[in-house]
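S.K.: Just passing along the structure, written as structure tokens.
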């Protein structure tokens, strides 16, 4: 129900336009704003789903063919029902995300040997059924996006954390390099209080003088404990991170 409530605006748009492509921008907005799905997932899954994930079309075509078969007193065997279902699924994938997908039923009727002219019976209500199956298509895309987001969100979060971690390290290293006096040997010092005093004035390893600018660089990072040991650490060791 969470996906249904979040996608309600997109479903209404799909019902009004009878086109999955026209409802695609609204579907993206609903999944990102209402369902809080990562933008990278919605921008990949929803356009792909609006092209090949036609759940409503596949269901409608299979049911319509079975209806025409019963109307002509034709009993379909289990193998024929399976053939109709598979053909309807494949045909729905080949359809574009535009209205009037009724033409694909002709292909399925020829597959099982049913009269094609009976499709005219569906034309009177197809304008309404087309809007309903388009709404189902959009809702199915939303469910697929939610499932993929549930599977991949942790990996995306871990990837973002690693990228932020690397960016933070690079920024701190650049700050160290810009603070250092290039004419003297520079050291970074750790006193295990999560503060690194950068020494760019004295070469004396026993002196704990801050940088000429008086800056104190906070390193609340996990790599500090392993890289910057107690005492002084040469700057070139920091640059290898």
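S.K.: Only one of (1) surrounded by fewer than 16 Cβ atoms within 10 Å (Cβ to Cβ); (2) closer than 24 Å to residue 120 by Cα fails for residue 18. Which number is that?
M.R.: (1)
S.K.: Take residues that are under 33 Å from the mean Cα position of the chain (by Cα) and crowded, with 22+ Cβ neighbours inside 10 Å and tell me which of the helices (runs of 4 or more DSSP H) falling wholly in region 34-140 contain 3 or more.
M.R.: 39-52, 55-71, 78-94
S.K.: Can you tell me which of 49, 16 is in contact with a helix residue (DSSP H, G or I) (Cβ under 7 Å, 6 or more places away or on another chain) and either touching a residue at least 60 places away in the same chain (Cβ under 8 Å) or within 16 Å of residue 131 (Cβ to Cβ) (or both)?
M.R.: 49
S.K.: Which members of region 56-112 meet the condition of being modelled with pLDDT under 85 and at positive phi?
M.R.: 100 - this is the single residue of region 56-112 that is modelled with pLDDT under 85 and at positive phi.
The values are calculated or read from the model by the stated rules, or taken from the named source; none is laboratory data. Please read these numbers as outputs of a predicted model, since none were measured by experiment. As a convention, Cβ positions derive from the backbone with ideal geometry for all residues, glycine included, and neighbour counts pool all protein chains shown.
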